[in-house]
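The values are calculated or read from the model by the stated rules, or taken from the named source; none is laboratory data. Just so it is clear, the model here is predicted, and its values are computed rather than measured. Methodologically, a virtual Cβ is constructed for each residue, glycine included, from the backbone with ideal geometry; neighbour enumeration extends over all protein chains shown.
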Amino acid sequence: MLELSQVTAGYGAFTALWDVSLRVSQGEAVAVVGPNGAGKTTLLRAISGLIAPRAGRVTFEGAELAGKPAYEIVAHGIAHVPEGRRLFPQLTVAENLKIGAFLPAARAHFHESLERVYTLFPVLSERSTQRAGSLSGGEQQMLAVGRALMSRPKLILFDEPSMGLAPVMVLRLFDLIRRVREEGYTILVVEQNVRQVLKLVDRAYLLEVGRIKVEGRAADLAEQDFVRQAYVGL
């Protein structure tokens, strides 16, 4: 479904990713894990068109995405839940969700998508007229996910979804992502909380200093000594 081949990307004179290759098949949940500053956010930005790769290929369902603007990539069926959520704090919950359905194809199914989001996250229905900036951190993350779902994506990119959340909310968040996956969505998630995310996904890639160090089934990675010692805390 999604394939990156030898992607190099960065900002100005700084290179954050070097020759990164990975794939995500339809229906999979895949994680990219690693320390802060490894290049995980840059990876997602290169996929979703927020930055253009300097080299390499990004293909989605056979279509070349590298160099295309972000709005075209959303139209292909990729939704990005960014680090820090990036909501419109002065707009209501309902207005933020409406913005997620700005594409013509999504507008045609607006009410159906809205009902689906409110069924997944009933608290958003209860808070529909409340300003997004007044929600709790966990509720804001739900809204960010709901806004992504409004575009009717085939693949959802999650960038550090647990960042800034209290421990009890982190557990609820991963349960939330698990429910989204059970709805049939394909997921690529970058996350520092290695212990929790490896329980959620099928496969994982370990990214260090801009390069893929190891990849494999999530259960196998969780059992590797250097992963357990460096990232899981065991």
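Filtering the range 36-65 to residues that are in contact with a helix residue (DSSP H, G or I) (Cβ under 8 Å, 6 or more places away or on another chain) and either surrounded by 15 or more Cβ atoms within 10 Å (Cβ to Cβ) or aliphatic (A, V, I, L, M) (or both) leaves Ile47, Ser48, Gly49, Leu50, Ile51, Ala52, Pro53, Val58, Phe60, Ala63, Leu65.
Listed residues Ser151, Ser128; which is modelled with pLDDT of 85 or more, farther than 22 Å from Ile47 by Cα and among the polar types (S, T, N, Q)?
Numbers: Ser151 fails: farther than 22 Å from Ile47 by Cα.
Among Ser151, Ser128, only Ser128 is modelled with pLDDT of 85 or more, farther than 22 Å from Ile47 by Cα and among the polar types (S, T, N, Q).
Which pairs have Cβ atoms under 8 Å, sit 6 or more apart or on different chains, and link a residue in the range 174-186 that is touching a residue at least 12 places away in the same chain (Cβ under 8 Å) to one that is among the acidic types (Asp, Glu)? Note: pairs meeting the criteria are Thr186/Glu28. All conditions in (1) over 25 Å from Glu61 (Cα atoms); (2) surrounded by fewer than 19 Cβ atoms within 10 Å (Cβ to Cβ) hold for Glu183, with the sole exception of (1). None of Leu120, Leu165 is of a type in the set (A, V, I, L, M), at pLDDT below 90, surrounded by 13 or more Cβ atoms within 10 Å (Cβ to Cβ) and over 17 Å from the mean Cα position of the chain (by Cα) except Leu120.
For Glu95, the conditions (1) buried (at least 20 other Cβ atoms within 10 Å of the Cβ); (2) of a type outside the set (A, V, I, L, M, F, W, C); (3) over 26 Å from Thr15 (Cβ atoms) are fulfilled apart from (1).
Please pick out the residue among Leu157, Leu143, Leu173 that is over 20 Å from Ala31 (Cβ atoms) and buried (at least 18 other Cβ atoms within 10 Å of the Cβ).
Leu143
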